[in-house]
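The values are calculated or read from the model by the stated rules, or taken from the named source; none is laboratory data. What you see is a predicted model; the values in this text were computed from it and never measured. Counting neighbours? That spans all protein chains shown, and the Cβs are built from the backbone with ideal geometry, glycine included. The protein model used for the area step is the full one, side chains on, heavy atoms only, and it has no ligands, DNA or RNA in it. Shrake-Rupley method; radii C 1.70, N 1.55, O 1.52, S 1.80 Å.
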Amino acid sequence: MSTNPSSALVADATPTPLKDARAQLAEAVKILGYDDGMCDMLATPRREVTVSVPLRRDDGSVELLVGHRVQHNMSRGPSKGGLRYSPTVDLDEVRALAMWMTWKCALVDIPYGGAKGGIAFDPRQYSRAEIQRVTRRYTSELMPILGPTTDIPAPDIGTDSQVMAWMMDTYSVNKGFTIPGVVTGKPTQLGGSLGRASATSRGVVLVALAALRHRGLELERTTAAVQGFGKVGRDAALFLWRAGVKVAAISDQYGSIQNSFGIDVPALERHVDESGSVVGFSGADDLPHRDDLLVADVDLLVPAAVEGVIHAGNAESVRASIVVEGANGPTTPEADRILEDAGCLVVPDILANAGGVIVSYFEWVQANQAYWWSELDVEARLKERMDHAWERVLSTAKSRDVSLRQAATVLAIETVATAHLARGLYP
Ligand code: NAD
């Protein structure tokens, strides 16, 4: 089977996250002038493990779930990446997400390669006790490849700090002593970092504000739409609201709401805590269709939910002049070209949502040293890294005359390839 990203694209035109990731890689490799051998090496995961996760349900029946862990690249250090619980999880999606993690870690210069994990099930249909059993069994199946110096999971869609606590406990009990550095995004009582829970959203908003300044838009006159109201979208909406941006539309998987005068985000948070969804909030109108949010008349669009939501079929209707990717892979390559031709500035995921893995790295450093930083310290160090990455990507985009995504991907891939070449090929 060919692993060549460009031939994989030609074979079948249906977009998938893996094809999108490979197309982005192929484009960057072309700009860098690397040969096929290097391209195949960068396109292919170093290790993939699929495990059965038998679950005893609360009613006594047994259900067999399937989980994956993909370690894409370890040239620069242990692999690092989230764990996703969602019915859409499959091996190709995990491969794509693992590849994006490699580029993200390289772009913001943290000493990790990329990984990702997932179990194909909908956690909302299971009790907390069942989710705990799923998590512990999955962790124990993956014991041989996880570890603070080998592969370090973190929360992603459908998982949270409690899931990380169960992973850390299962791993530690099996090793015979407490190993907080095996996961990040833990509760602070177990060695989680202050500022980790909001770090991805904080980073998204830092680059969103930088992009607004770059485009000469004034905060008080700016309107925004945020897709997704989970770990990333919720705080992104809140931080934009606090910065003075009018957040005019917000969605979750159940629907979209809009208020052209601006949504009171803290009031919406209370509504969501009580009802479980943004839908039906008294301070806004429900939009007829959930995806109407993507084409709302706003300046800034922050997709912070799932992959592939801005595609060839709707990109022409996007009215925002800036898209800041809170989610991984929300824009397909075809949509990217359409948005670029329309003059829309797309701040790519590997830059925009890197705040989470940056503070995960801080958490790992703190856990390994058993020395904890203040929240102010974490936030200042996060800001320094995000600002630096934004400036670097912007100046590379200018000097190479390429998009921000191409600039970010080229910078990241160059960093990984340089490390790979310096280490040399074993044997
Ligand atoms: P989450 O499970 O906490 O929240 C997901 C949100 O998206 C929920 O509000 C859900 O209702 C909503 N949603 C799902 N499908 C939707 C749809 N089609 N339209 C509108 N809303 C929809 O997940 P999260 O951790 O916030 O992750 C969101 C995205 O951000 C993912 O792509 C993830 O990989 C990425 N990301 C997360 C982190 C992190 O630290 N959690 C870091 C970097 C990137």
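Each of ARG84, ARG242 has its accessible area taken with a 1.4 Å probe; listed largest first, they run ARG242, ARG84. Computed about the Cα centre, the dipole magnitude for the chain is approximately 1220 debye when only Lys and Arg (+1) and Asp and Glu (-1) carry charge, each at its Cβ. Here the accessible area of the range 305-427 is 51 percent carbon and sulfur, with a 1.4 angstrom probe and all protein chains present.
Surface composition of the range 67-153: carbon and sulfur atoms hold 51% of the protein heavy-atom accessible area at a 1.4 Å probe.
Using heavy atoms of the protein chains and a probe of 1.4 Å, the accessible area assigned to ILE145 is about 20 Å².
Projected label points at LEU376 and TYR426, each 7 Å from Cα along the beta carbon direction, are separated by 4.5 nanometres.
Convex hull of alpha carbon positions in the range 58-143: directionally averaged projected area 6.0 nm². The range 177-238 and the range 354-418 have Cα centres spaced 13 Å apart. Mind running the shape call on the range 43-90? Use the C-alpha gyration tensor, a ≥ b ≥ c as the square roots of the eigenvalues: rounded below 1.5 for a/c, prolate if a/b tops b/c, oblate otherwise. Note, shape of the range 43-90 comes out prolate. Note that the range 303-354 presents 31 Å² accessible area per residue, ligands and nucleic acids not counted, probe 1.4 Å. Computed extension length for LYS383-LEU190: 67.0 nm, one decimal, from 0.36 nm per residue of separation with the Cα-Cα distance subtracted. The stretch between ARG124 and ILE31 holds 29.1 nm of extra length on full extension. This uses 0.36 nm per residue minus the Cα-Cα distance. State whether the range 332-418 is rounded, prolate or oblate according to the following rule on the C-alpha gyration tensor (a ≥ b ≥ c being the square roots of its eigenvalues): a/c under 1.5 gives rounded; otherwise a/b larger than b/c gives prolate, and the remaining case gives oblate. The shape class here is prolate. Placing +1 on the Cβ of every Lys and Arg and -1 on the Cβ of every Asp and Glu, with nothing else charged, gives the range 44-144 a dipole about its Cα centre of roughly 340 debye.
Across the cross-link table entries LYS19/LYS231; LYS104/LYS231; LYS19/LYS116; LYS104/LYS175, which are compared at the Cα atoms, the separations over 21 Å belong to LYS19/LYS231; LYS104/LYS175.
Restriction of the chymotrypsin sites (Phe, Trp or Tyr not before Pro) in the range 244-330 to DSSP coil positions whose beta-carbon has at most 13 other beta-carbons within 10 angstrom yields PHE261. The gain in end-to-end length when the PHE177 to ARG319 segment is fully stretched comes to 45.7 nm, 0.36 nm per residue minus the alpha carbon separation. Solvent-accessible area per residue in the range 374-427 equals 58 Å², computed with a 1.4 angstrom probe and all protein chains kept.
Carbon and sulfur: what percent of the range 17-65's accessible surface (1.4 Å probe)? That fraction is 47 percent. The chymotrypsin sites (Phe, Trp or Tyr not before Pro) of the range 75-178 that meet both conditions, a loop assignment by DSSP and at most 11 other Cβ atoms within 10 Å of the site Cβ, are PHE177. With a Förster radius of 56 Å applied to the beta-carbon distance between ALA267 and GLU414, the computed FRET efficiency rounds to 0.75. When a/c is below 1.5 the answer is rounded, else prolate if a/b is larger than b/c, else oblate, so apply that to the range 167-243 with a ≥ b ≥ c taken from the square roots of the Cα gyration tensor eigenvalues. Judged from the Cα gyration tensor, the range 167-243 comes out prolate (a/c at least 1.5, a/b above b/c). Placing dummy labels 7 Å off each Cα toward the beta-carbon, the span from SER52 to ALA342 is 4.8 nm.
Can you figure out the FRET efficiency of ALA243 with GLN369, using R₀ = 56 Å and their beta-carbon distance, to the nearest 0.05? Taking R0 as 56 Å, the efficiency between ALA243 and GLN369 is 0.95. With all protein chains in place and ligands, DNA and RNA left out, the 1.4 Å accessible area ranks ARG337, ARG196, ARG136 as ARG337, ARG136, ARG196, largest first. The helix-based estimate of mean residue ellipticity at 222 nm for the chain, built from -39,500 (n - 2.57) per DSSP H run of four or more residues and divided by its residue count, is -14000 deg cm²/dmol to the nearest 500. Once the 1.4 Å probe is applied to the protein heavy atoms, the range 33-145 comes out at 36 Å² accessible per residue. Of the listed residues ASP401, ASP235, the order by accessible area with a 1.4 Å probe, largest first, is ASP401, ASP235. THR200 exposes around 20 Å² of accessible area when a 1.4 Å probe is run over every protein chain in place. Expressed to the nearest 5 percent, the antiparallel share of DSSP beta bridges inside the chain is 45 percent.
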